[in-house]
Amino acid sequence: RRGGAVELPVTWQAPPAPAAPGVVVVDGTARVVDGSTVPATARVQVTQPIEANAAVEDGVVASATFTENGYSPNRLRNGVTNDKAWSNWRSGTKNPSDTITYQLPRARDVDRVVVHFYRDGTTASYAKSLRVQVRDADGTWVDASGEVPVVGDGAPAPVVEVPVRATADAVRVVLTARPSTYLTMSEIEVFAKEPGTSSDASAAQLAVDGRPLPDFDPSTEEYRVDARRGEVTAVAADPYAAVAVTQADHAEGVATVTVTSEDGTRHRTYTVRFQR
């Protein structure tokens, strides 16, 4: 679910170990470049996918078969859905069709494409229809939708949502113009799945002076320790969760551990009371 700075060839030597809900932990060994091995643990965290507009991410390259001077297909991915971002106006004979292409920095699981047209003054500068295509693993462009009519002549400008079910590193929208009519658009959004953030705010371990509490249970939030004082440490069940520890002072003898989930929606506080 997350990338790292270093990649090592890993040979797993043990079956998955129990972990928090939605998590699989596998212990094994990693082979280092000099041929030696070191203990290694892989942690796979599964979350519900969320949708994100892949078009606005860094590294996306936008292009068009034709663009009026002063406009740019890259403006179709600026997050603004009501501006005149792209136009294919030209004097004389108008283009019967044009194509907008997004080259993505990596393959994505695309769910839908949303096209926002723009009304250019009194001109209903909208397409007659459009078709979404994706580039497959062989580099071939294939249809990801049928021909979708663009309905509407007035204001507000039409917004066309096209369901797509494809994994691709490039998406394009093929626009068929109305007779003798140019095209203007505000935005093209490409919605794709990406990992969601976890709402797990539980601890996986509490320890005093480096020794784990033997009776620790993530669902139990209060503990008593037979000692005058000690340094409390904690490990979150989700490594992307935030852990804050307030050590016991001399007056109260109570330490608290607060775990905040990765998505920030949940908090859990554990209390450790020292007494002899």
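Here the convex hull built on the C-alpha positions of the chain has a volume of 211 cubic angstrom per residue. DSSP beta bridges fully contained in the chain are about 95 percent antiparallel. Across segment 178-267, the mean sequence separation of Cα contacts (distance under 8 Å, 6 or more residues apart), normalised by length, yields a relative contact order of 30 percent.
For segment 143-276, the Cα-based Rg and Dmax, in that order, read 27.9, 89 Å. Stretched out straight at 0.36 nm per residue, the stretch from Glu57 to Ser72 would grow longer than its current Cα-Cα span by 3.7 nm.
Sorting the segments 173-184, 79-90 by their mean number of nearby beta carbons within 10 angstrom, highest to lowest, gives 173-184, 79-90.
If the chain linking Val254 and Arg90 were pulled fully straight, counting 0.36 nm for each residue of separation and taking away their Cα-Cα distance, it would gain 51.5 nm. Bridgeable aspartates and glutamates around Lys94 (alpha carbons under 17 Å apart, same-chain partners fewer than 8 residues away excluded): Glu68, Asp120.
Expressed as a whole percent, the proportion of Cα-Cα pairs in segment 98-222 lying more than 18 Å apart is 62%. All Cα-Cα distances of segment 203-276, cut into 5 Å bins from zero to the largest, leave 4, 17, 31, 25, 14, 7, 3, 0 percent in each bin in turn. Using alpha carbons only, what's the Rg to Rh ratio of segment 67-147 with Rh from Kirkwood? Reported Rg/Rh, Kirkwood definition of Rh: 0.97.
Computed over segment 26-112, relative contact order equals 26 percent, with contacts defined as Cα pairs under 8 Å that lie 6+ residues apart.
Calculated FRET efficiency, Glu231 and Lys193, Cβ-Cβ r, R0 35 Å, to nearest 0.05? It comes to 0.25.
Kirkwood-type hydrodynamic radius, segment 94-133: 13.0 Å, calculated from all non-identical alpha-carbon pairs.
Once C-alpha pairs closer than 8 Å and six or more residues apart are averaged by separation and normalised to the residue number of segment 124-212, the relative contact order reads 33 percent.
About the centre of its Cα atoms, segment 116-167 shows a dipole size close to 80 debye [charges on the beta carbon of Lys, Arg (+1) and Asp, Glu (-1) only; nearest 20 debye].
Any read-out appearing in this document is the output of simple, stated calculations on the displayed coordinates, not a laboratory observation. These numbers were taken from a predicted model, which means no experiment stands behind them. Neighbour counts run over all protein chains shown; Cβ positions are idealised from the backbone, glycine included.
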